[in-house]
Amino acid sequence: MSTVKHIAICTLSLALTALASTACHHAPDDTAEEHPVAVHCAAPKAEAVDETLSLRGRIDTPPGGDLPVASQVAGRLVSVAVHEGQRIASGDAIASVDGASSRDALTQAEASAAEARANEANARTTLERTRALVARGIAAKQELDDAVARNEAAHATVAAAAAGADVARRTLGRVLVRSSFDGTVTRVWRGPGALVDGTAATPVVQLATSSALEFVAEATERDLARLAPGNIARGTLVSGEDFTGAVRTKSTALDPQTGLGTVRVALEPPSKPISIGTFGRVVLTSGHREGVLLLPSSALRGAVADGAEVALCQDGKATLRAVKVGFRDDARFEPLEGVATGERVAIEHVLGLTDGTAIQELP
């Protein structure tokens, strides 16, 4: 074999050896160990819970707390002193009615009363004179009886005339329409120039009481079943005001169209006025339980409605298990099924865990 050929063969052999060595050096190590995921684990802990229910609604008056206010005298409105949304106190003027006819009626009634008193005085004088004449035997007994009757009739006429004058005087005082309670004007029915007949058929304004406001919310049949009169309520209005109160009543029947019932919460007196009709949200405490086994909400995987699960910490591995959730708030939840007492559950990095993932429990 020639020297050149021998050198070529040797060079090829060295190249193949180097290639094989390089391939072995970069080959993946299929036997490399999986690095465990470091997690904190915890067992369910017994705690006390307040079961709550959140509902949307608005401020309203209690039944019968929204009433029309009408003039008690007939006539034409001269002025209306309030507007919608205005808060007024008991005794505040709302409107005034033309009082010309009422003043004329009072003048006439007072004149009739004066005439009746004059007639009574004359009848009394006649009675005394007739009584003296009868005592002296000059007048007949019948004349005395007639004088007594005329005096009694005159006295009755005076009483009737005084009552008529008093009515006319009170009627004149009613030409100024006033509020009989603290409230808010929710509607103005009639303005200046309108005719009123002195009855509830022609109201001037609508007033809603502001001394006993309620928060009214709609609830499903299931939510209604959880509530009872006296349940504590705390809420916030869209305007920023906070309020407190208690459930006063709840519907015993549902609306056939919406399938919802009504919850009425009686409010405690607010620190500042609250506008009727303001919307907000209320949180109702429907019950209290002691010794409820709870886990942090961070341990929960998936949506409760679609089927939630947790990752159990068992023998250095994660074991996924479906759970049924009972009570739940922003920080905790109650596993009704799926976690036994004493079992430990991963409470962090839970979304990255799969069934059988190696884990390392942190202290």
| Residues in segment 172-183: is at least one in the same structural domain as Gly91 (by TED's automatic domain parsing), touching a Ser or Thr at 6+ places or on another chain (Cβ under 8 Å), among the polar types (S, T, N, Q) and touching a residue at least 12 places away in the same chain (Cβ under 8 Å)? | yes
| In segment 127-172, which residue that is surrounded by 14 or more Cβ atoms within 10 Å (Cβ to Cβ) and small (Gly, Ala, Ser) is nearest to the chain's Cα centre (by Cα)? | Ala168
| For segment 71-95, which residues satisfy the criterion of being surrounded by fewer than 19 Cβ atoms within 10 Å (Cβ to Cβ) and either over 30 Å from Phe215 (Cβ atoms) or among the small types (Gly, Ala, Ser) (or both)? | Gln72, Ala74, Gly75, Arg76, Val78, Ser79, Ala81, Gly85, Ala89, Ser90, Gly91, Ala93
| request: With the checklist (1) more than 11 Å from Glu214 (Cα to Cα); (2) outside the structural domain of Glu218 (by TED's automatic domain parsing) in hand, flag the one item Ile274 doesn't pass. | output: (1)
| field | Unique match (being at pLDDT below 90, among the small types (Gly, Ala, Ser) and touching a Gly at 6+ places or on another chain (Cβ under 9 Å)) among Ala168, Ala154, Ala139, Ala113 | value | Ala113
| request: Please specify each residue of segment 99-126 satisfying the condition of being surrounded by 15 or more Cβ atoms within 10 Å (Cβ to Cβ) and within 30 Å of Pro192 (Cβ to Cβ). | output: Gly99, Ser101, Ser102, Ala105, Leu106, Ala109, Glu110
| query | With segment 217-289 as the region, which strands (runs of 3 or more DSSP E) entirely inside it contain at least 2 residues that are farther than 14 Å from Gly57 by Cα? | reply | 242-250
| query | Take the residues of segment 99-134 that are in contact (Cβ under 8 Å) with a residue 60 or more places away in the chain and touching a strand residue (DSSP E or B) at 6+ places or on another chain (Cβ under 9 Å): which is nearest to Glu152 (Cα to Cα)? | reply | Ser102
| field | Candidate set: segment 298-321, residues that are assigned to a loop (DSSP other than H, G, I, E, B) and of a type in the set (A, V, I, L, M, F, W, C); chosen: the one nearest to Val339 (Cα to Cα) | value | Leu300
| Here are some conditions: (1) within 30 Å of Leu293 (Cα to Cα); (2) acidic (Asp, Glu); (3) not assigned by TED's automatic domain parsing to the domain that holds Asp329. Glu47 meets all but one. Which one does it not meet? | (3)
| note | All-but-one check, Gly64 against (1) touching an Asp or Glu at 6+ places or on another chain (Cβ under 9 Å); (2) at pLDDT below 90; (3) surrounded by fewer than 17 Cβ atoms within 10 Å (Cβ to Cβ), failing number (1)
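The values are calculated or read from the model by the stated rules, or taken from the named source; none is laboratory data. As the structure is a prediction and not an experimental result, all values here were calculated from the model. Heads up, the Cβs are rebuilt from the backbone with ideal geometry, glycines too, and the neighbour counts pull from every protein chain shown.
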